[in-house]
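Every read-out reported here was derived from the displayed coordinates using simple, explicitly stated rules and does not represent laboratory data. Bear in mind the structure is a predicted one, so any value in this text is a computation, not a measurement. Glycine also receives a Cβ, built like all others from the backbone with ideal geometry; neighbour counts cover every protein chain displayed.
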Amino acid sequence: MAASRKVTSFRLPPLPTVSELIKLYNLRAEKQLSQNFLLDLRLTDKIVRQAGSLRDAHVCEVGPGPGGLTRSILNAGVADLLVVEKDSRFIPGLKLLSEAAPDRLRIIHGDILTYRMDRGFPANISKPWEEDPPKLHIIGNLPFNVSTPLIIKWLENIANRTGPFSYGRTRLTLTFQKEVAERLTASTGSKQRSRLSIMAQYLCTVHNCFTIPGRAFVPKPEVDVGVVNFTPLVQPQIQQPFKLVEKVIRNIFQFRRKHCHKGVEKLFPEACRAELTQEMMQKADVDPILRPTELTIPHIRALTDAYAHLCTREPGLLSYEFREELRLKHLPKNKNTAVDAFLDTPSSRAQGALQPC
Ligand code: SAM
């Protein structure tokens, strides 16, 4: 693991271009892995600039592929760049880059969804949560089917200060499908306001930096791409466990066009639905006829706090899932009872949740 140190000369020596490397190692993009490469170094430099100064910093790049963005990160003067790449075909090209940047590029052949980033960097770069972010950044141009589950996992890590956030308020600069980037940063009242907007914004300052047209990638994807920057907040705007917040938001947004009380209702078993919905809305002091997209984060905070209060009074509520109840209703009789109860499966827990009312 590289210790923190100053870099005196950081420009890379002359190298084959990324396109030449792709030809040299026969790195055809795999369509089923959604590989789209960025070969224009002015664009990769622009992405890297969104992360702020990287001089002497530590960086984790996710999915370096043929290494265009990797070159820009190295040229920004980082002290230590750790790249995590799943596809073994890219490792030889990355090794070539590593030889051109001695002691500055570490290569992990692995999957970012399971990689333990909390072990990837020296402990002495950590900063207390309340202070400025550590000199550690995560940067990546990932396939869209990876970047969305990954950001949800990292948001949970931010809430729990685990994984990359065990070092402090590690900043992230990532690419998403343009529509997802818009949802992540959508404000109250906008058409794109969604579950993802609230989940990201209650934990981070989120900034949609710029859009890259699909034609800038090789091969060209069907969609445009947004570059999004996240800085974890010192104080999350909602102070409840992540899973509870996620559950309230998921229920509220399941009927995006209806009044918000419709989604709130589904947090409760049928037997006590009307009564507990009314109690929760009153306690939160939120107008039940607002639409989910019209709710501000303080509204969601008030609703989440009210729900947490009800769960303390009726502990079985926490494991109640409306969709699970629906599923049970449609199962043939006696199919879901004895075995489920024995195994403590979600369906048995959902049944248990019916008991408090
Ligand atoms: N960063 C390169 C660029 O901008 O040209 C490549 C971008 S390509 C869209 C995504 C890269 O992420 C590919 O190299 C792919 O193999 C890699 N990748 C996909 N899933 C991954 C995962 N779960 N963990 C690590 N790398 C992954």
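Just a few scattered comments:
- Counted by Cβ distance under 12 Å from G226, the other residues give a net charge of -1, where Lys and Arg count +1 and Asp and Glu count -1.
- Zone residues, segment 122-162, relative to S53, backbone N less than 16 Å from point 7 Å out along Cα-to-Cβ: 132-137
- Full extension of the chain between D285 and H309 yields a length gain of 7.2 nm, computed as 0.36 nm times the residue separation minus the alpha carbon distance.
- Taking GluC sites (Glu not before Pro) in DSSP loop conformation with at most 13 other Cβ atoms inside 10 Å as exposed sites, the chain has its longest uninterrupted site-free stretch at 223-357.
- Calculated [θ] (222 nm, deg cm²/dmol) that DSSP helices of n ≥ 4 give over the chain, each run adding -39,500 (n - 2.57): -11000 deg cm²/dmol
- Taken one residue at a time, the phi angles of segment 236-251 give Karplus couplings (6.51, -1.76, 1.60, θ = phi - 60°) of x, 6, 10, 10, 10, x, 3, 5, 5, 4, 4, 5, 4, 5, 4, 5 Hz. Gly and Pro are set to x.
- Added length on full extension, which subtracts the Cα-Cα distance from 0.36 nm per residue, E294 to V223: 22.8 nm
- Ascending count of other beta-carbon atoms within 10 Å, so fewest first, for I198, I212, I108: I108, I212, I198
- A Förster distance of 45 Å, applied to the separation of the beta-carbon atoms of D111 and K191, puts the FRET efficiency at 0.85.
- Residues of segment 32-55 with an amide N closer than 16 Å to a point placed 7 Å from the Cα of Y25 along the Cα-to-Cβ direction: 35-39.
- Pairs from K127/K153; K153/K247; K178/K220; K243/K329 whose Cα-Cα separation, in the structure shown, is over 19 Å: K127/K153; K243/K329
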